[in-house]
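Have a look at the structure below before the remarks.
The values are calculated or read from the model by the stated rules, or taken from the named source; none is laboratory data. Source: prediction; values computed, not measured. Because the Cβ atoms are built from the backbone with ideal geometry, glycine has one as well, and the counts that use them run over all protein chains shown. Note: areas computed on protein heavy atoms with side chains; ligands, DNA, RNA excluded. Shrake-Rupley method; radii C 1.70, N 1.55, O 1.52, S 1.80 Å.
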Amino acid sequence: MSNTYGDWLKAQREAAGLTQQDLADAAIMTRSHISHIEAGRRIPSKEDARRLDKALNTGNVLSSFLPSQDDGTVADYFEPARQLEQQATMIREFGLTFMPGILQTEGYARAVLSKAFPPWSEDERDKYVVTRLDRAKILTDPVTPVVWALLDETVLRRPIGGSDTMAEQIMHVVHLTEIERVRTHILPLSLGLHPLMQSMLTLMWFEDQPPAAYSEGLSIGKVHDSPSVVQQLQSRYALALSDALPLKESLALMRSIAKEYGHHG
């Protein structure tokens, strides 16, 4: 995006004689968040912009002229998480009912997105599929981000898109795991209740800002940056991970289920 917004924010902050930390304290934000906004790497939420306006006495300018990166191909509530996803140095995903977006194949993504309501046109669906696949490009870097995937066995058992699509999707994750690009663990159905059954979860770590988390339910999603909330979600993830199958057993289960769907080889 153009950095006019970030440059203006920086100019107003400096005119007020405030450091980034001063402004962060006044607006109840982190210094690194202010830094990213000023550098054009982040867009503040509407609530953040309102607090910045109040801290700088700029009326409603920062709230009214928020730049938009929303191209209409992701839900509004997911856009902040998508931006964080691209900056993360480590990502830990938990899939409850669907395969995490960055791990989805084209066939699987198309099947998931075909169930939108109200229905999309074919062109609209194609745009959403391309955006989802673009997110997966972070895995083309052989090292960063480090990715862990914790999957409820339900994700593997629900035949989204049919047998061929599921076999291809599962073996895609098997391949990523075998080449050590992603570390994958399965929470078996036999485990019963576990600490992450309420929603999917993404945990993210960064080089120069505090960790964040993203959770999502039915048509609603939220980025969490409160240190206490993020720590609680990290602890839930760690607890669930401790009950998951080891790597080799997880791979064996994925191959077995893919074979049930008709995969050979």
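What the table shows:
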quantity: Single residue of the stretch 88-126 satisfying the filter (closer than 22 Å to Leu189 by Cα and charged (D, E, K, R)) that is least open to solvent (accessible area, probe 1.4 Å); calculated: Glu93
quantity: Condition met for Pro142 (open to solvent by 70 Å² or more (accessible area, probe 1.4 Å) and either closer than 23 Å to Lys248 by Cβ or touching a residue at least 24 places away in the same chain (Cβ under 8 Å) (or both)); calculated: yes
quantity: Flag for Glu79 being in contact with a Phe, Trp or Tyr (Cβ under 8 Å, 6 or more places away or on another chain), among the charged types (D, E, K, R) and open to solvent by less than 50 Å² (accessible area, probe 1.4 Å); calculated: no
quantity: Tally, over the stretch 155-173, of residues that are of a type in the set (A, V, I, L, M, F, W, C) and either farther than 14 Å from Glu260 by Cβ or without any contact (Cβ under 8 Å) to a residue 24 or more places away in the chain (or both); calculated: 3
quantity: Residue list for the stretch 35-63, filter: touching a residue at least 24 places away in the same chain (Cβ under 8 Å) and closer than 17 Å to Val223 by Cα; calculated: His36, Ile37, Arg41, Arg42, Ile43, Ser45
quantity: Pair list, Cβ < 9 Å and 6+ apart or interchain, from the stretch 116-127 residues that are in a loop (DSSP other than H, G, I, E, B) to residues that are open to solvent by 70 Å² or more (accessible area, probe 1.4 Å); calculated: Ala116/Glu124; Trp120/Lys127
quantity: Of all residues making up the stretch 211-233, the number that are in contact with an Asp or Glu (Cβ under 6 Å, 6 or more places away or on another chain) and among the β-branched types (Val, Ile, Thr); calculated: 0
quantity: Any hit, the stretch 82-105, residues being at pLDDT below 90 and hydrophobic (A, V, I, L, M, F, W, C); calculated: yes
